[in-house]
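J.: Before I ask anything, here is the structure I am working with.
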Amino acid sequence: MSHAPLLKATGLDKAYGPTPALAGASFALRAGEVVAVMGPSGSGKSTLLHCLAGIVRPDAGTITYDGRELTALSDTARSSLRRTDFGFVFQFGQLVPELTCVENVALPLRLNGEKRKAAEARAVEWLARLEVDDTAAKRPGEISGGQGQRVAVARALVTAPRVIFADEPTGALDSLNGERVMRLLTDASRDTGAAVVLVTHEARVAAYSDREIVVRDGAVRDAEWVA
Amino acid sequence: MTLRTWVRDLALGARFAVTGGRTGRLRTLLTATGVGLGVTLLLLAAALPNMLFQREVRESLRAVDGSESIDSPRPDSFLHLGRATDYRGDVVSGLLLRPEGDRPTVPPGAKAFPARGEMLVSPALRELLDSPDGDLLAKRLPYKVAGTIGEAGLIGPAELRYVAHVGFLTTDNFDGRGVRYGWSVPEEPMNAFLILLVLVASVVLLVPVLVFIATAVRFGGEQRDRRLAALRLVGADTAMTRRIAAGESLAGALLGLLVGLGLFAVAREFAGTFTIWDVNAYPSDVVPMPALAVLVLVTVPVASVVVSLFALRGVVIEPLGVVRTSTPRRRRVWWRLLLTAAGVALLAPVIGGIELSQTGIDSTQIGVGVALALVGLTTLLPWLVEAVVKRLHAGPVAWQLAVRRLQLSSGTAARAVSGIVVAATGAIALQMLFQAMESDFTQGTGADSSRAQIAIGTHAKDGDEARAMIGRFERTEGVGDVIGVVSSSVWRPGPLKKGEEFAPMAPIRVGDCASLAEFATLPSCREGDVFVLLTHGAQGAPPDSWVTRTARPGVTVALGDPHPHPDAPESRRKGPPPEWRIPAGARFVDSRPDPTGMYEYGVLATPSAIGAARLDTPDATAMVRLDPAVPDAAEHVRNTAADIDPTAWVRTLEDTQQDAQFSSVRTGILVGSTLTMLLVAASLLVTTLEQLRDRKRLLSSLVAFGTRRSTLSWSVLWQTAVPMLLGLGLAVLGGLGLGFVLLSMTAQRVRDWWVFLPVTGIGLALIAAVTLLSMPLLWRLMRADGLRTE
């Protein structure tokens, strides 16, 4: 594992209207590292994740990814970066209900311009790795929540991203399914060398990480990388 | 299950609809707005018959009663003359009055009889006259405005009308003598073609409104499903949840009824402000027919409940979520075809059975037939969309997203588009009817507007005055050229022959060579020439012998009636009239249509051959060619005519004239189609926006992993376009088929099979418009806000 940060944020501020979500948050992530972002509900965990992933632009502060200033990039460039370098797993509402599971997993590849057949072939491989190959032809409405999350993890990993952002990936699952998803996610990311930013408020989920940080009132309280 | 259970559950659903938080209220408001718009249109349609009828009633009530002949002046009698004038494309109607006694009957809408030289004006005319736009018209109506005509004297608030007390009205230039107003004017019955048109149009315009209402009560279906799952969790059974769902729709529909009634009340108040189809009306005349109004008020809420229950039949609501039946039930085609076939079967017996002259046709059979055929086509669409999208393969990502969405839920898209199918099918069928019938209802007037654009005729005291009148038109601003003749008659002199009651006569026109050449094909013409003009029986003119028995080269004719009627004025009975000898060198010439399209006959003479001053009670006729470069040239000419003689006839020459009823039906249908199309587009847009809003989180998540805006935009376009194109295809086939059947009824042939192109164009424009208008919301939803959970 390299010691130079792959993704680094300094002094992030973000407010939604009059409500501050981040207030001077700083964060750093090494390549291949699994970091759990913890904190109480409403503390700013998800906002931090959205800023780090280039989904939301912070009001103040800087984010550097692989030497590039993320906040200076255009929306198009950030979208492109998310397609090629990042993967995402959310708590719910992320699989396109009308697409089959294999089509869902193949979607990021197709957005990157890959041919359908090739994309779906790779998608099937990932579905198998995540132990949900039997869901390939089914639609999300026809599978269980645990299976859906594993399909989502397959979709996050299929593009071989360098960073996976997971926002409460087990929040809608029972403990058994949650642990299975976490095991598969962390194993697969370690196999591929992807770093993971894992937002959770559950200690047992955070236990899968290499390092934990806590966000409280929009600020990161204990981060070894805070300058 | 008791009624009480139903009421309880419906009421519970209704309460959810209004207390369901911001989103719930927004959804209910959306439904109410959609239903409200539909209800407004239905109520307006229900009010239209009464509105048109009230105009007839008003027209009759203000007309001078002509049922009784008043031979001599009475204290309450008055002479009257109706005179309408065109002003910048609008008609200004006028009633000229001259009281004969000291107690003339006050005209409807007036408080008192206007004093001599004064006029009463409608509020719209007063407004026009008071504005700079009315300056030219004010010169034409040289009467002092003494008051306003009230509602009783007008057919609509926007009518331009005046009632003037004039001194020049006599029994020589009047329409009649009256003592009272108001009589029954017989209504001109519509012929079968027009009834057919109105019938088809009514069905075509109203069915999409019903479809729109049915779509509107299902807005927000997906969010509702989630809410219903929560109800199942707390113990509601399946039937109960469906009734609660129906209650939610019912609340929206009832609120929509209120919105509709409110909008109708507002539209009613503004009925006078807008003129559509040349019609505007007083609010008091815009009253829906009671039976139709009750039908609307009952049907809409009942339909909302039925539609909701029907929509939920393929949905299984479980306590932990809603499961749409994984393999949606295959749509059956047989009953959809049966509906269409039933419609055609009702229409089939009428094929070839309607005559143009017919004024009564079986409107129920045709109306139900057309409605069934249209509804049948509409129900075919969901089946067609399902059948086609099932076979579509995945292509680019945007296409794949759209196709898969349609495969999963084609019904929503098909429902939204079904309004288009009805409107477009009807529009195509109506266009075919119009094209076939246009020639039947458009007649050439025979006029040639390239030679003259306005014709004016007026009586003159004598020939010199007539010539002077023509001279005034020549000097009027904006006049390029004037064809001017002074006309009168010549009679055969001498005693009456056996069996004759009157002396034979022929018209005579005196004018310069250029003017005379507009009436006849002249081989040559010089000052002093005279011609005998023969029609050879063209256009129903009398036989040439009728002219030659009086006027031939070398014969002498009388310039006044040698045997005047005993009732003729004294001036015409003072001895034998002067005579004139038609020169022996006069030539016979052939008549040709004058600019008004008439074949004239008689004598044509240049001023050197006979002085116009010698003619008896001459008329001045001027046909004016306008200078297109001068604005308001026609208005200047009309002003000159009014100044010369307020009773002069002024005619605008147009090459063709369309049957007024046909024109108004056509205009009405165009207005209706436009409104319907807009409503359908609004429905489609709301459905698209609703779907987008339901997918807020999904869209945000798609954006999170880098989906381009353009990909999702194209996906929305395909989602709109695929069902729309299928709908248009169905409409083209259905429209051409229905048009063919309707034309066959009247034994007409199809003139143009390509009439569907404009309608298809409108459909494509709607696809583009709906997609473009949904973009702002799509882009807004593609922000990361949708990922926030707190």
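J.: I want to check the label-to-label distance for B:D135 and B:L764. Put each point 7 Å from Cα in the C-beta direction and report it in nm to one decimal.
T.: Inter-label distance under the simple model: 4.7 nm.
J.: Tell me, for the protein assembly as shown, which Cys residues have no other cysteine's C-beta sitting closer than 4.7 Å.
T.: Unpaired cysteines in the protein assembly as shown: A:C51, A:C101.
J.: Under a straight-distance cross-link criterion of Cα-Cα below 16 Å, which aspartates and glutamates are reachable from A:K117, leaving out those fewer than 8 residues away in the same chain?
T.: A:E103, A:E125
J.: Arrange B:C513, B:C525, A:C51 by Cβ neighbour counts within 10 Å, fewest through most, would you?
T.: B:C513, B:C525, A:C51
J.: I've got another one for you. Go through A:F90, B:L125, B:G761 and say which Cα lies farthest out towards the positive end of the charge dipole of the protein assembly as shown; charges sit on Cβ, +1 for Lys and Arg, -1 for Asp and Glu.
T.: In the protein assembly as shown, that residue is A:F90.
J.: Using DSSP, restrict attention to beta bridges with both residues in chain A and report what percent are antiparallel, rounded to the nearest 5.
T.: 50 percent
J.: Full-extension gain between B:T521 and B:E579, please, as 0.36 nm times their residue separation minus the C-alpha to C-alpha distance.
T.: Full extension of this stretch gives 18.1 nm more.
J.: Which of the listed residues, B:A558, B:A613, B:S515, is farthest toward the dipole's positive end in segment B:454-654, when Lys, Arg count +1 and Asp, Glu count -1 at the beta-carbon?
T.: Value: B:A558.
J.: Still on this structure, please answer the following. Determine, from the Cβ-Cβ distance of B:R391 and A:D174 and an R0 of 35 Å, the FRET efficiency 1/(1 + (r/R0)^6), rounded to the nearest 0.05.
T.: So the FRET efficiency works out to roughly 0.30.
J.: Counting only the backbone N, which residues of segment B:596-626 are under 20 Å from the spot 7 Å out from the Cα of B:T170 toward its beta-carbon?
T.: What the label zone holds, given the 20 Å backbone N cut-off, is B:613-621.
J.: Here's another thing I want to ask about it. Would you calculate the separation in nanometres between label points at B:E151 and B:L678, each defined as 7 Å from the Cα along the Cα-to-beta-carbon direction?
T.: So the label points at B:E151 and B:L678 sit 2.7 nm apart.
J.: Under 19 Å between alpha carbons, and skipping anything fewer than 8 positions from A:K8 in its own chain: which lysines qualify?
T.: Partners within reach: A:K45.
J.: Only bridges with both residues in the protein assembly as shown count here: give the DSSP antiparallel percent, nearest 5.
T.: Of the beta bridges lying entirely in the protein assembly as shown, close to 70 percent run antiparallel.
J.: Rounded to whole Å and sorted largest first, list the principal axis extents of the Cα atoms in chain A.
T.: 47, 38, 37
J.: Another question, then. Give the Cα extents of the protein assembly as shown along the principal axes, in whole Å, largest first.
T.: Principal axes ranked by extent give 133, 67, 54 Å for the Cα atoms.
J.: Using the reciprocal of the averaged 1/r over all distinct C-alpha pairs, how large is the Kirkwood radius of chain B in Å?
T.: 31.8 Å
J.: Next question. Kindly put B:S608, B:S701, B:S284 in sequence by how many other C-beta atoms sit within 10 Å of each C-beta, fewest to most.
T.: B:S284, B:S608, B:S701
J.: Using Stokes-Einstein with the Kirkwood hydrodynamic radius over Cα pairs, what translational diffusion coefficient do you get for segment A:139-227 at 10 °C and a viscosity of 1.306 mPa s, in µm²/s rounded to a whole number?
T.: 113 µm²/s
J.: Excluding residues fewer than 8 places away in the same chain, name every one of the aspartates and glutamates whose C-alpha is closer than 14 Å to that of A:K14.
T.: A:D59, A:D217, B:D785
J.: Can you figure out the FRET efficiency of B:F310 with B:R751, using R₀ = 25 Å and their beta-carbon distance, to the nearest 0.05?
T.: 0.05
J.: Given a Förster distance of 35 angstrom, what is the FRET efficiency for B:R103 paired with B:L52, based on the Cβ-Cβ distance and rounded to 0.05?
T.: 0.45
J.: Let me ask something additional. Classify segment B:62-195: rounded, prolate or oblate, from the alpha-carbon gyration tensor (a ≥ b ≥ c, eigenvalue square roots; a/c under 1.5 rounded; otherwise prolate if a/b is larger than b/c)?
T.: Oblate shape, in that a/c is at least 1.5 and b/c is the bigger or equal ratio.
J.: Identify, among B:G101, B:I70, B:L154, the residue whose Cα sits farthest towards the positive end of the charge dipole of segment B:65-178, taking +1 on the Cβ of Lys and Arg and -1 on the Cβ of Asp and Glu, with the dipole about the Cα centre.
T.: Checking the options against the dipole of segment B:65-178, the answer is B:G101.
J.: Now, a different point. Compute the length gained on full extension between B:A514 and B:K461: take 0.36 nm times their separation in residues and subtract their Cα-Cα distance, giving the result in nm to one decimal.
T.: Full-extension gain reported as 16.6 nm.
J.: On a full-extension model of 0.36 nm per residue, what is the gain between B:L733 and B:L773, subtracting their alpha-carbon distance, rounded to one decimal in nm?
T.: 11.5 nm
J.: Right, here's the next one. I'd like the orientation of helix B:633-644 relative to chain B: the angle between its Cα long axis and the longest Cα principal axis, in ° from 0 to 90, rounded to 10.
T.: Roughly 40 degrees between the two axes.
J.: Could you line up B:R783, B:R55, B:R177 from fewest to most neighbouring Cβ atoms inside 10 Å?
T.: Taking fewest neighbouring Cβ atoms as first place, the list is B:R783, B:R55, B:R177.
J.: Moving to a separate point now. In chain B, what is the count of Lys pairs whose alpha carbons are under 25 Å apart, counting only pairs at least 8 residues apart or on separate chains?
T.: Lysine pairs meeting both conditions in chain B amount to 5.
Rule-based calculations on the coordinates, nothing more; no lab input. None of these values were measured; they are calculated from a predicted model. Methodologically, a virtual Cβ is constructed for each residue, glycine included, from the backbone with ideal geometry; neighbour enumeration extends over all protein chains shown.
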